[in-house]
1. How big is the dipole moment of the chain about its Cα centre under a simple scheme where the beta carbon of each Lys and Arg is +1, that of each Asp and Glu is -1, and everything else is neutral? Debye, nearest 20, please.
2. Output wanted: per-residue J couplings in Hz (rounded whole) for the range 16-31, from phi through Karplus 6.51 cos²θ - 1.76 cosθ + 1.60, θ = phi - 60°, x for Gly and Pro.
3. List, in order, the whole-Hz ³J(HN,Hα) value for each residue of the range 129-142 obtained from phi through the Karplus relation with A = 6.51, B = -1.76, C = 1.60 and θ = phi - 60°; use x for Gly and Pro.
4. Residue farthest toward the positive end of the dipole of the range 70-170, with Cβ of Lys/Arg at +1 and Asp/Glu at -1: which of Gly129, Thr87, Leu147?
5. Out of Ala17, Ala74, Ala118, any idea which swings most in a Gaussian network model of the chain, alpha carbons joined below 10 Å?
6. What number comes out for accessible area per residue over the range 29-127 if the probe is 1.4 Å? Units Å², please.
7. Going toward the positive end of the dipole of the chain, with +1 on Lys and Arg Cβ and -1 on Asp and Glu Cβ, which of Gly60, Thr163, Thr113 do you reach last?
8. Below 8 Å, C-alpha to C-alpha, sequence gap of six or more: please give me the relative contact order for the range 83-170 in percent.
Amino acid sequence: MMSTATARAQTPAEELANAISHGLGLALVAGAAVLVAATWFGVDGWFVSWASMVTTAIVGSLDWIAPLILLGLAWRFLRHPDDNATTGRLVIGGAAALVGIIGLWHLVQDAATPSDGAEAMSAGGGVVGWLATAPIVAAVGPIVTGLVLVLLLLFGILVLTATSLASVRA
């Protein structure tokens with residue numbers, strides 16, 4: 001009896017797609033290692049310092065989450081390189097949940113703006129937190145913004161888990 005791995009030979013296009021997916025997965029692991037060194041352990045070095053600065057500017061004080069996200073993406077690319085439909089769902093759901101979390105954190109940390117300075121922005125959700133909160137806060141205020149971000153977070157969780165609203169009601 002033949003195993004599924006040897007059931008049929010891969011075409012050159014499939015081999016290339018797998019090689020690209022594995023290469024991307026390994027690059028994400030390397031990126032996660034750099035971010036672990038930068039955000040968790042404060043390792044010295046120009047590249048590690050630069051990576052820490054960029055990560056903190058993007059997601060603020062939640063920069064410690066970035067290596068975990070990269071490792072999750074790496075696992076996905078290395079474990080299931082050919083499951084593109086699920087990857088799209090995970091990216092959309094993960095992005096919605098992440099923006100919801102970072103936006104809520106930024107809102108709780110007084111929703112700093114770029115005019116408040118880099119230190120104030122880094123204490124909150126960084127650029128992502130500001131982009132997630134600034135337009136909504138300007139339009140409807142911080143309380144409704146918090147509710148919208150909670151709904152975005154819940155939407156992201158539903159998409160990540162492939163759960164419909166009908167099944168939640170049941």
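1. In debye, rounded to 20, the chain gives about 520.
2. For the range 16-31, the Karplus-derived couplings read 5, 4, 5, 5, 5, 4, 5, x, 5, x, 5, 5, 5, 5, 4, x Hz, x marking Gly and Pro.
3. Result, rounded to whole Hz: x, 5, 5, 6, 9, 4, x, 6, 4, 5, 7, 10, x, x.
4. Thr87
5. Ala17
6. Here the residues of the range 29-127 average 54 Å² of exposed surface.
7. Thr163
8. Details: 99 pairs, mean separation 35.9, N = 88.
Result for the range 83-170 is 41 percent.
The values are calculated or read from the model by the stated rules, or taken from the named source; none is laboratory data. Because the structure is a prediction, the values reported are computed rather than measured. Don't worry about glycine lacking a Cβ; one is built from the backbone with ideal geometry, like all the others, and counts go over all protein chains shown. Note: accessible area is taken over every heavy atom of the protein model, side chains too, but ligands, DNA and RNA are not part of it. Shrake-Rupley method; radii C 1.70, N 1.55, O 1.52, S 1.80 Å.
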